[in-house]
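Worksheet for the structure shown next.
Bear in mind these aren't lab numbers, they're just calculated from the coordinates by the rules spelled out. Keep in mind that this is a model prediction, so the values were computed, not measured. FYI the Cβ positions are ideal-geometry reconstructions off the backbone, even for glycines, and counts take in every protein chain you see.
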Amino acid sequence: MVDIGPSTWWAPKGVARAYNESLAKLIGGSVREVRNGEDFVLRIGDKMPRLSDLLPQHEQAWLDAMEQYIRDSLAASQAE
């Protein structure tokens, strides 16, 4: 299983949501708010995605999404 939820712990919520949404689009999943909107989680149905949902078929897109998440997080921290 792959838990993408921790992506919301360190990045601005908009950046984390965009990252989760980009992965959801790849695998036909959805993003749900948890903890009263404090965190987001990626789900396929009611379950966390499996690594096999992302790899190997979405490897480059996942790497691209991670890179964008890092760039956006850095840009947001520099803007503060």
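Here are some notes:
- With helices as the sole contributors, the chain gives -16500 deg cm²/dmol at 222 nm; each DSSP H run of n ≥ 4 counts as -39500 (n - 2.57), and the sum is divided by every residue.
- Vicinal HN-Hα couplings computed from phi for region 23-39 (Karplus, 6.51 cos²θ - 1.76 cosθ + 1.60; Hz; Gly/Pro x): 6, 4, 5, 5, 10, x, x, 9, 10, 10, 7, 10, 6, 6, x, 6, 10
- Taking N as the residue count of region 7-79, its C-alpha radius of gyration divided by 2.2 N^0.38 Å amounts to 1.10.
- Positive-end extreme of charge dipole, the chain - chosen from LEU74, PHE40, PRO56 (charges on Cβ): PHE40
- Taking the average, over residues, of other Cβ atoms within 10 Å as the packing measure, peptides 36-42, 13-19 rank 13-19, 36-42 from highest down.
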